[in-house]
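First up is the structure itself, then whatever we jot down about it.
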Amino acid sequence: MVLPALWLLIGALIAASLVKLAFLGGSASAREDNPLKPTGEVPAQTVPVEVRDIENTLVVEGTIELDPAKSALSPAEGTFVYSWVREGQAVAAGERLFQIRSEGEPVEIAEAIEEAQPDARRKPRAPIVPTAPRPTYTNVVAPVAGKVSGFAVALGDPVSKGLAIASVQPRTFKAVGNITPLDRYRLLNRPSTARVTIKGGPKPFKCLQLAIGDAAAAAPSSGGEGGEMGGGEGGGEGDAATTITCRVPERVTVFDGLNMSMDVAAGAASEVLAVPVTGVRGLLGTGTVWVVGDDGLETERRVRLGITDGKVVEVRSGLKPGDNVLRYVPGAPQGEGDMEGMEGEVIYR
């Protein structure tokens, strides 16, 4: 009888211990000393200040676009009397296309009047004789090099000043893409060229006369001035604040509508201090980081900044290698602030 009672006592003690562990979780001191105990708090992430190379290159996806046609405008009112060209003919910029005849006004001619004699005797004044109108001839020249098309008038038709008599379609192209307005901060040094790649096309080539934003919207085609026919710059895509364009060299064979990628190199730095852009408040000129000391305290510090590749930014002063800084600006959701993946088809290298 003693042995079964002992086993019952041992079973009761084990059950009591399990209940205590399940519902009370052990002593308070044990809970405090347990480093694996979940607290519901996410510790601040820190990163060391590193020495690295930074290359600020934007890869912008876009298309190849044919420059719009330019209008050949009548410089005067008159009659369309002569054409040096035919429909579809190739012409050079400034080449004569048409001639306009304008009728002049009658010219009045009078004989000279002799000086009065001392005795006030005068010869009769000669009558004023109007001469026949003298016509003037004005040439209309090609505003750009290209093919003439779209004749709006025929020989003998009257024309008004500024009338578009025909259009000239240039055979020049541009590469067009869009960037976010924020990306313009990365292009403050105003690069003038880009490298364009067309998959399945010619080898990558240098694209000239890079224009960004408002300058891209106002940039004329390489052929010069003249009225536009058949649409404006940029094909109506995007807006002036985010458009980026460059001129395709004439030696490169391209076609309207081809997809392309444009590499815009906007600077590089070798062996410089760098921190993640997510840990810096303000990325232009100067900014603020939060340095974490050995005691875990966070100290706000002002730093001077250089170039960025969208992921990390150069620190020119204010930090030293090995310093630890917060990966994310205090108060910002983790993962927010990295330029990569922002709206727009832009890739950072």
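The values are calculated or read from the model by the stated rules, or taken from the named source; none is laboratory data. Quick caveat, the model's predicted, so the values are computed rather than measured. All Cβ positions, glycine included, derive from the backbone under ideal geometry; neighbour counts span all protein chains shown.
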Name the single residue, out of those in region 260-282 being in a strand (DSSP E or B) and among the β-branched types (Val, Ile, Thr), that is nearest to Val49 (Cα to Cα). Val275
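Condition check: in contact with a strand residue (DSSP E or B) (Cβ under 8 Å, 6 or more places away or on another chain) and surrounded by fewer than 17 Cβ atoms within 10 Å (Cβ to Cβ). Does Gly293 satisfy that?
Yes: the conditions hold for Gly293.
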Pairs, please: C-beta under 8 Å, at least 6 apart or cross-chain, first residue among the aliphatic types (A, V, I, L, M) and in region 315-341, second part of a loop (DSSP other than H, G, I, E, B) and modelled with pLDDT under 90? Leu326/Ala44; Leu326/Gln45; Val329/Gly337; Met339/Gly310; Met339/Lys311
Can you pull out every residue in region 173-190 that is in a loop (DSSP other than H, G, I, E, B) and either surrounded by fewer than 18 Cβ atoms within 10 Å (Cβ to Cβ) or basic (Lys, Arg) (or both)? Thr180, Leu188, Asn189, Arg190
Which residue, of Glu55, Glu50, Glu41, Glu77, is at pLDDT below 70 and of a type in the set (Asp, Glu)? Glu41
Kindly indicate which of Val129, Val153 is among the hydrophobic types (A, V, I, L, M, F, W, C), farther than 29 Å from Thr172 by Cα and at pLDDT below 95. Val129
Quick check on Val49: is it closer than 30 Å to Lys320 by Cβ, in contact (Cβ under 8 Å) with a residue 40 or more places away in the chain, aliphatic (A, V, I, L, M) and out of contact with any helix residue (DSSP H, G or I) (no Cβ under 7 Å at 6 or more places or on another chain)? yes
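Regarding region 250-261, can at least one residue be identified that is modelled with pLDDT of 85 or more, surrounded by 20 or more Cβ atoms within 10 Å (Cβ to Cβ) and not acidic (Asp, Glu)?
Yes, the conditions are met somewhere in region 250-261.
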What are the residues in region 46-103 that are within 36 Å of the chain's Cα centre (by Cα), surrounded by fewer than 16 Cβ atoms within 10 Å (Cβ to Cβ) and of a type in the set (Asp, Glu), if any? Glu50, Asp53, Glu55, Glu61
